[in-house]
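In what follows, a structure is listed as structure tokens, so that the remarks can point back to it.
The values are calculated or read from the model by the stated rules, or taken from the named source; none is laboratory data. Not measured: the values here are computed from a predicted model. Cβ placement follows ideal geometry from the backbone for every residue including glycine, while neighbour counts extend to all protein chains displayed.
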């Protein structure tokens, strides 16, 4: 019998590829997605994608999405308490594993695994160790279409949010920038691809900044 898993969902390209891999793996049955949203902004922190757009994306993927509300600038203790309740709910549904799209950052994986273990859960990392070049190539080669939503202005041009994540974008990146943005250089939002029943047609809204101008974003919505 395949094991039920739930996917930690940012709406971005890596999450989409991780979802595809577990869907294609006969050992797993995807029970849905979950995203943590800021109570104050109603956006996914740092990525700054709105709750409404994430819900539209999940509907286009035909995946149930659980929204987890987290206070703005929550401490680790508050976050852990919120996730404890979330994990309890998953276990009641016979879900004991969470899928994450991490590529190579050991400290983040250790944090996740420690929190999961405390709550009787375990992590699944289908992209771990693949290498960013290969992940980027698979995202584009598999037909996922994504838009850059956020950039770290200390590393990339503040005008980049809104451009497509494609080969042209990858070729334009400085050599010290990870092609998947795994170090936080940029974030993306997927609007079409092999898992979508219908594509999301996006329109760009205002540009805005967060964290005292450190990050530059573009507001996205469905046309």
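Out of 71, 45, one residue alone is surrounded by 14 or more Cβ atoms within 10 Å (Cβ to Cβ), at pLDDT below 95 and within 30 Å of residue 207 (Cα to Cα). It is 45. Would the range 164-177 turn up any residue that is buried (at least 19 other Cβ atoms within 10 Å of the Cβ), in a loop (DSSP other than H, G, I, E, B) and in contact with a strand residue (DSSP E or B) (Cβ under 6 Å, 6 or more places away or on another chain)? The answer is yes; a qualifying residue exists. Taken over the range 161-180, the criterion of being in contact with a helix residue (DSSP H, G or I) (Cβ under 8 Å, 6 or more places away or on another chain) and closer than 16 Å to residue 220 by Cβ is satisfied by 163, 165.
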